[in-house]
1. Using the structure shown, select from LYS59/LYS225; LYS128/LYS177; LYS55/LYS106; LYS106/LYS225 the pairs with a Cα to Cα distance greater than 27 angstrom.
2. Under the Karplus relation 6.51 cos²θ - 1.76 cosθ + 1.60, θ = phi - 60°, what is the ordered set of whole-Hz ³J(HN,Hα) values for the range 49-61, x standing for Gly and Pro?
3. If DNA, RNA and ligands are ignored and the probe is 1.4 Å, what is the ranking of ILE23, ILE175 by accessible area, most exposed first?
4. Within the chain, which whole H helices from DSSP have a Cα span along their axis of at least 18 Å and a mean Kyte-Doolittle hydropathy of -1.0 or more, if any?
5. Let me have the relative contact order for the chain, percent, based on Cα pairs under 8 Å that are six or more residues apart.
6. Whole percent per 10 Å bin, from 0 to the bin with the longest distance: what is P(r) over all C-alpha pairs of the range 44-88?
7. Express the accessible area of the chain per residue in Å², computed with a 1.4 Å probe while the remaining protein chains stay in the model.
8. For TYR124, TYR167, write out the residues from largest to smallest accessible area, computed with a 1.4 angstrom probe and no ligands counted.
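The values are calculated or read from the model by the stated rules, or taken from the named source; none is laboratory data. All of these numbers come straight from a predicted model, not from anything done at the bench. Because the Cβ atoms are built from the backbone with ideal geometry, glycine has one as well, and the counts that use them run over all protein chains shown. Heads up: the accessible areas ignore ligands, DNA and RNA and are worked out on the full protein's heavy atoms, side chains in. Shrake-Rupley method; radii C 1.70, N 1.55, O 1.52, S 1.80 Å.
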Amino acid sequence: MLRSIVRSLSNYFYPNYRDDNSIFYDWVRESIEPDSVILDLGAGAGIKCPYDFAKRCRKVIGIDMDPRVMSNPNLTESVCADFYNNGFEDNYFDIIFANNVVEHIKDPEVFLYEVRRILKPSGYFFFKTPNRWHYVPMVARITPYWFHVFYCWLRGRATEDTFPTHYRMNSHSNIRKLSELLNFDFEIRMFEARPEYLIFDPITFLMGVGYERLVNRFDFLSRFKVVMMVKMRFR
């Protein structure tokens with residue numbers, strides 16, 4: 001009953017809804033050329049967030065420690081391995097992208113050094129991640145992992161798809177400090193739409209709608225939107 005009410009509210013407030021994944025992939029797609037070699041970093045099974053990049057470029061390789069990456073339908077090649085022991089050549093990829101991955105990174109410097117190593121000098125690294133100053137990551141940072149698993153289970157996410165988070169690349173200030181240290185240019189786009197983490201109850205959903213309307217109305221509140229989309233290029 002409650003979920004049907006939320007569905008009705010969602011259809012009312014977001015009749016032409018586009019999720020952040022499709023908007024993120026549209027941004028990545030702008031930089032794809034017919035001869036591009038692309039890496040999906042943290043590709044996983046690829047079922048929930050499909051894309052059509054393989055039709056637009058030379059090769060899409062996916063890497064993940066999850067063996068389900070080997071059957072990911074979005075890829076032309078799959079690698080089941082730890083990213084830090086990937087075996088890729090230096091300066092190999094034109095584009096690397098990571099969708100909901102960097103919030104799980106413990107050491108951003110080590111991670112970005114490896115991204116830079118395998119990315120061509122003219123290449124781009126795109127990532128989409130939760131903003132640490134949004135209410136969802138703020139709650140996540142003060143609650144234990146078992147609560148994350150339980151809450152995601154309530155939302156219909158499998159336990160094996162819920163991972164510990166660190167949020168060390170997840171704010172404007174984090175990205176700016178890393179850019180000064182590792183010498184890269186960046187562009188950040190912020191996004192807030194339907195309150196996905198509050199969809200199981202009408203009251204919390206309406207509270208989320210109010211928050212969404214507020215941060216989208218006032219530019220000075222844009223840094224409190226839930227999704228950060230970042231485009232990086234090393235100098």
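1. From LYS59/LYS225; LYS128/LYS177; LYS55/LYS106; LYS106/LYS225, over 27 Å: LYS59/LYS225; LYS55/LYS106.
2. Calculated HN-Hα couplings, in order: 10, x, 8, 10, 4, 4, 7, 10, 9, 6, 7, 10, 9 Hz.
3. My answer, sorted largest first, is ILE23, ILE175.
4. Passing helices, by number: 202-217.
5. Across the chain, relative contact order equals 20 percent.
6. 31, 52, 17
7. Accessible area per residue, the chain: 53 Å².
8. Per-residue accessible area, sorted high to low, gives TYR124, TYR167.
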